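Student: I am attaching a structure below and will ask some questions about it afterwards.
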Amino acid sequence: MPQNRKTIVKIGLDLIILLTVGIPVLSYHLFGDPYKRGFNCDDDSIRYPYRDSTISNKVLYVVGVFLPVTVITITEFVNEAGSKKEARGQTYILLGRPIPQVVWRIYTRIGVFLFGACMSQLTTDIAKYSIGRLRPHFLDVCKPSINCSLVIDPHEYIMPICLGENLKAIREARLSFPSGHSSFSAYTMVYAVIYLQACMQCKTNRLLKPFMQFLILMMTWFTALSRISDYKHHWSDVLVGFLQGVLVAVLVAFFVSDLFTKRKKTNSDIVLQNISVDAPTYNTMNSNDT
């Protein structure tokens, strides 16, 4: 029973932490009100036409979550099948039954991945709603009541009244910085690449792992570039979003996850083994001298 309670508490705490980060992300999308920023009539960067996204939000989130989760699950099962069947690490008990260690590893690694995804998205949303930068297609969506051709000073700062009928598109048109597509795709794909580097064992073909990593990186690269060609973001929005996603992925992979724990333990074991080998030799020499 103590082990069963310990497992339930750990899983419950994981869910609470994940929800604590995830609920604000959902709240921003449902109830967030972006900062109302005006414009100048001579600003040509917000005069582009509105276009549908090449990579829709649904595709972004489904692929961004499903692909890394699938990679983690398959890799862990393959590694388990190819390893020796011996007890490794702590055994967790749930409902009176031991949880297979491969299942527990998949749970913890997917949990860390999702936690990092929520952190990356929340970081992006805080910036989006606090800054309210206008998208390149803002004027096309907003249809402001001001006629810029009649404005005497084109540098005059104008707070527009939008006459456009699509209120959702107008709200979204104020969320240009940074690019959410770029940050989310960069985090999920870069984390998957780091995971493969740390955990995937390629004994049959040395090119298989770098080939998979290259394909994954090209997915986020194409996603980022499409945001510029679709006039959804300025290039600086995409650059900052991409760098933010990469930074969070690196921080989570190296400082939150246990992807590189085994390597560190192996190196420390080697050092301890060398010390234990050298110690008797040193003591033997001293006894002979005596």
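Student: On the basis of being surrounded by 19 or more Cβ atoms within 10 Å (Cβ to Cβ), outside any helix (DSSP H, G or I) and charged (D, E, K, R), does K232 make the cut? Before the answer, list the steps.
Tutor: On the way: surrounded by 19 or more Cβ atoms within 10 Å (Cβ to Cβ): yes; outside any helix (DSSP H, G or I): yes; charged (D, E, K, R): yes.
For K232, the condition - surrounded by 19 or more Cβ atoms within 10 Å (Cβ to Cβ), outside any helix (DSSP H, G or I) and charged (D, E, K, R) - is met.
Student: Further question: If A198 satisfies all but one of (1) farther than 20 Å from T70 by Cα; (2) at pLDDT below 95; (3) among the hydrophobic types (A, V, I, L, M, F, W, C), what's the number of the condition it fails?
Tutor: Among (1) farther than 20 Å from T70 by Cα; (2) at pLDDT below 95; (3) among the hydrophobic types (A, V, I, L, M, F, W, C), A198 violates only (1).
Student: Also, I was wondering about something else. Those residues that are open to solvent by less than 70 Å² (accessible area, probe 1.4 Å) and closer than 17 Å to S182 by Cα, I need them from segment 38-57; list them, please.
Tutor: Listed by number, the residues that qualify are S53, I55, S56.
Student: Something else: Could you check V102 against (1) modelled with pLDDT of 90 or more; (2) open to solvent by less than 20 Å² (accessible area, probe 1.4 Å) and say which number it fails?
Tutor: Only one criterion is unmet by V102, namely (1).
Student: Something else about it: Yes or no: segment 3-12 includes at least one residue that is over 22 Å from C162 (Cβ atoms), at pLDDT 95 or above and surrounded by 13 or more Cβ atoms within 10 Å (Cβ to Cβ). Step through it out loud before you land on a result.
Tutor: From segment 3-12, those over 22 Å from C162 (Cβ atoms) are 3-12; that's our starting set.
Right, trim to at pLDDT 95 or above and you get none.
The answer is no, given that none of the residues of segment 3-12 is over 22 Å from C162 (Cβ atoms), at pLDDT 95 or above and surrounded by 13 or more Cβ atoms within 10 Å (Cβ to Cβ).
Student: Another one. Between P154, P160, P136, which is in contact with a Leu (Cβ under 9 Å, 6 or more places away or on another chain) and in contact (Cβ under 8 Å) with a residue 40 or more places away in the chain?
Tutor: P160
Student: For Y50, are the conditions met, namely being farther than 30 Å from I152 by Cα and either in a loop (DSSP other than H, G, I, E, B) or touching a residue at least 12 places away in the same chain (Cβ under 8 Å) (or both)? Step through it out loud before you land on a result.
Tutor: Details: farther than 30 Å from I152 by Cα: no; either in a loop (DSSP other than H, G, I, E, B) or touching a residue at least 12 places away in the same chain (Cβ under 8 Å) (or both): yes.
No.
Student: Separate question: Within segment 98-125, can you find the residues that are under 16 Å from G64 (Cβ atoms) and of a type in the set (V, I, T)?
Tutor: Within segment 98-125, I110, V112, T123, T124 qualify.
Student: Please work out if I17 is β-branched (V, I, T), touching a residue at least 60 places away in the same chain (Cβ under 8 Å) and under 30 Å from D153 (Cα atoms).
Tutor: Details: β-branched (V, I, T): yes; touching a residue at least 60 places away in the same chain (Cβ under 8 Å): yes; under 30 Å from D153 (Cα atoms): no.
Considered against the rule, which asks whether it is β-branched (V, I, T), touching a residue at least 60 places away in the same chain (Cβ under 8 Å) and under 30 Å from D153 (Cα atoms), I17 comes out as no.
Student: Within segment 58-74, is there a residue that is surrounded by 14 or more Cβ atoms within 10 Å (Cβ to Cβ), part of a loop (DSSP other than H, G, I, E, B) and at pLDDT 95 or above?
Tutor: There is no residue in segment 58-74 that is surrounded by 14 or more Cβ atoms within 10 Å (Cβ to Cβ), part of a loop (DSSP other than H, G, I, E, B) and at pLDDT 95 or above.
The values are calculated or read from the model by the stated rules, or taken from the named source; none is laboratory data. Please read all numbers here as calculations on a predicted model, not as lab measurements. Heads up, the Cβs are rebuilt from the backbone with ideal geometry, glycines too, and the neighbour counts pull from every protein chain shown. Accessible surface areas use protein heavy atoms only, side chains included; no ligands, DNA or RNA. Shrake-Rupley method; radii C 1.70, N 1.55, O 1.52, S 1.80 Å.
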